[in-house]
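Have a look at the structure below before the remarks.
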Amino acid sequence: MALCKKSMLYIILICLFACFQNVICQCPNGWNHHSTSCYYFSDNTKNWDTSSASCQAHHAELAVIETDEENTFIWSVMTKLGGMFWLDGTDEFSEGQWEWASTNAAFDYSNWYPGEPSNSGGREDCVLTGGGYKTFWNDAPCTDHFKYICEKSLESPIVG
C-alpha cells in the first residue's frame with residue numbers, strides 16, 4: 001500500500017510539473033510555436049532594416065532557419081498568409097559570404113532557389129522566402145518592402 005501511494009505521488013508531481021511547464025513556457029499571443037522558438041509572421045511590409053528593427057522591438061530577431069524541418073514549418077505557416085518574407089540572412093558586409101546578421105554566423109543550412117543567390121543588378125544583399133519561390137530562398141535588395149518573420153526563444157517565467 002505504501003509503495004502504491006508513493007508511486008501515485010510521483011505521478012501527480014510529474015503531471016503538475018508538465019502542466020506548470022506548459023503554462024510558463026509559451027509564445028506570446030499572435031506568435032507561432034515550433035521546437036524551442038516562437039515566430040511572428042508580419043502582415044505588413046517593410047524594408048529589411050526596418051523589419052529587423054521591428055523584431056528587435058519585440059525582443060526578437062529576423063528568423064534564422066537552421067534545418068530543413070524548421071524551413072518546412074515556416075513554409076506551412078507562410079502558405080496560409082501568402083506573400084514573401086524577409087529572413088535574417090545577408091551578404092551586405094562581404095559579397096557572396098552569406099551570414100545571419102543577428103549572430104554573424106555563416107549559413108550551416110541554406111535552401112536557395114535554383115540559380116540563386118544571383119545578386120541581380122549588383123544590389124541583392126538580403127534573404128527572403130515565400131511567394132513563387134515556395135520553400136526556397138532568394139536574394140533581393142534590402143531596400144525592397146516585404147513581410148517579415150521574427151524569431152525568439154520560448155518565454156521563461158519572470159522571477160522577481
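The values are calculated or read from the model by the stated rules, or taken from the named source; none is laboratory data. None of these values were measured; they are calculated from a predicted model. Backbone-built Cβ (ideal geometry, glycine too); neighbour counts: all protein chains shown.
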Task: Breaking point among (1) of a type in the set (Ser, Thr, Tyr); (2) more than 23 Å from ALA53 (Cβ to Cβ); (3) in a strand (DSSP E or B), for THR129 - done: (2)
- [ ] Could you list, in sequence order, all residues of segment 132-151 that are in a loop (DSSP other than H, G, I, E, B) and under 19 Å from LEU62 (Cβ atoms)?
- [x] THR135, PHE136, PRO141, CYS142, THR143, ASP144, HIS145
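Condition (residue is among the hydrophobic types (A, V, I, L, M, F, W, C), at pLDDT 95 or above, over 23 Å from CYS27 (Cα atoms) and exposed (fewer than 15 other Cβ atoms within 10 Å of the Cβ)) applied to segment 111-120: is it met by at least one residue? Lay out the reasoning, then the answer.
Just the residues of segment 111-120 that are among the hydrophobic types (A, V, I, L, M, F, W, C), to begin with: 112.
Now narrow it down to the ones that are at pLDDT 95 or above: 112.
Still in the running and over 23 Å from CYS27 (Cα atoms): 112.
When the remaining residues are screened for being exposed (fewer than 15 other Cβ atoms within 10 Å of the Cβ), the result is none.
Within segment 111-120, not a single residue is among the hydrophobic types (A, V, I, L, M, F, W, C), at pLDDT 95 or above, over 23 Å from CYS27 (Cα atoms) and exposed (fewer than 15 other Cβ atoms within 10 Å of the Cβ).
One residue is enough: does segment 72-90 have a residue meeting the conditions hydroxyl-bearing (Ser, Thr, Tyr) and without any contact (Cβ under 8 Å) to a residue 12 or more places away in the chain? Please lay out each step first, then the result.
As a first pass, look at segment 72-90 and keep what is hydroxyl-bearing (Ser, Thr, Tyr): 72, 76, 79, 90.
This time we only want the ones that are without any contact (Cβ under 8 Å) to a residue 12 or more places away in the chain, so: 76, 79.
Yes, segment 72-90 contains a residue that is hydroxyl-bearing (Ser, Thr, Tyr) and without any contact (Cβ under 8 Å) to a residue 12 or more places away in the chain.
If you take the residues of segment 24-71 that are among the hydrophobic types (A, V, I, L, M, F, W, C) and either part of a helix (DSSP H, G or I) or within 13 Å of LYS147 (Cα to Cα) (or both), which of them is modelled with the lowest pLDDT?
Looking at the filtered set, the residue picked out is ILE24.
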- [ ] Answer with yes or no whether HIS59 is in contact (Cβ under 8 Å) with a residue 24 or more places away in the chain, closer than 23 Å to THR36 by Cα, touching a Lys or Arg at 6+ places or on another chain (Cβ under 9 Å) and surrounded by fewer than 17 Cβ atoms within 10 Å (Cβ to Cβ).
- [x] yes
Open item on the list: Show the residue pairs meeting these rules: Cβ distance below 6 Å; 6+ apart or different chains; first residue within segment 118-147 and touching a residue at least 12 places away in the same chain (Cβ under 8 Å) and within 20 Å of LYS80 (Cα to Cα); second residue of a type in the set (S, T, N, Q) and in a strand (DSSP E or B).
Closed with: LEU128/ASN138; TRP137/THR129
Task: Meets criteria (without any contact (Cβ under 8 Å) to a residue 60 or more places away in the chain and not hydrophobic (A, V, I, L, M, F, W, C)) for THR103 - done: yes
Task: Single unsatisfied condition, GLY96 versus (1) at pLDDT 95 or above; (2) over 13 Å from the mean Cα position of the chain (by Cα); (3) part of a helix (DSSP H, G or I) - done: (3)
Task: Qualifying residue in segment 124-141 (condition: surrounded by fewer than 20 Cβ atoms within 10 Å (Cβ to Cβ), in contact with a strand residue (DSSP E or B) (Cβ under 6 Å, 6 or more places away or on another chain), of a type in the set (S, T, N, Q) and under 26 Å from GLY30 (Cβ atoms)) - done: no
